[in-house]
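Student: My structure is below; once you've seen it, I'll send some questions.
The values are calculated or read from the model by the stated rules, or taken from the named source; none is laboratory data. A quick note: this is a predicted structure, and the numbers were derived from the prediction, not measured. Neighbour counts are summed over all protein chains in view; Cβ atoms, including those assigned to glycine, are modelled from backbone coordinates with ideal geometry. Note: areas computed on protein heavy atoms with side chains; ligands, DNA, RNA excluded. Shrake-Rupley method; radii C 1.70, N 1.55, O 1.52, S 1.80 Å.
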Amino acid sequence: MAALPASSGPIADSYEHCRAVVRERARNFYYGLRLTPDPKRSAIYAIYAWSRAADDGADDAAPVATRRERLA
């Protein structure tokens, strides 16, 4: 069985940030995921938050070179 995410420290802070991103940017998705047990739920939050950041960066109006640099 996989261990639950850390309850304190930088990893826990990162999971909390990802949870907040999902709650703010994908509210229905967030509430649906509340039914998923941890650690899967926290992992999905992290994947969504990363994907959201990558998508926002790619869709930005900045020059292509700047967007590529941000994504890297």
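Student: Counting pairs of alpha carbon atoms under 8 Å apart in space and at least six apart in sequence, what relative contact order in percent does region 1-67 give?
Tutor: 31
Student: Further question: Which angle from 0 to 90°, rounded to the nearest 10, does the C-alpha axis of helix 10-25 make with the longest principal axis of the chain?
Tutor: Roughly 70 degrees between the two axes.
Student: Percent of accessible area on the chain owned by carbon and sulfur, 1.4 Å probe?
Tutor: 57
Student: Counting only heavy atoms of protein chains, what accessible area per residue, in Å², does the chain have with a probe of 1.4 Å?
Tutor: Dividing the accessible area of the chain by its residue count gives 75 Å².
Student: Another one. Any idea what log10 I(q)/I(0) is at q = 0.19, 0.22 Å⁻¹ for the chain, Debye with uniform C-alpha scatterers and no solvent?
Tutor: Rounded to two decimals, the profile gives -0.79, -0.93.
Student: So, with +1 on the Cβ of K and R and -1 on the Cβ of D and E, and no other charges, what is the size of the charge dipole of the chain about its Cα centre, to the nearest 20 debye?
Tutor: 220
Student: Find how much the distance from Thr36 to Ser14 grows on full extension, using 0.36 nm per residue of separation minus their present alpha carbon separation; answer in nm with one decimal.
Tutor: The Thr36-Ser14 span can extend by a further 6.1 nm.
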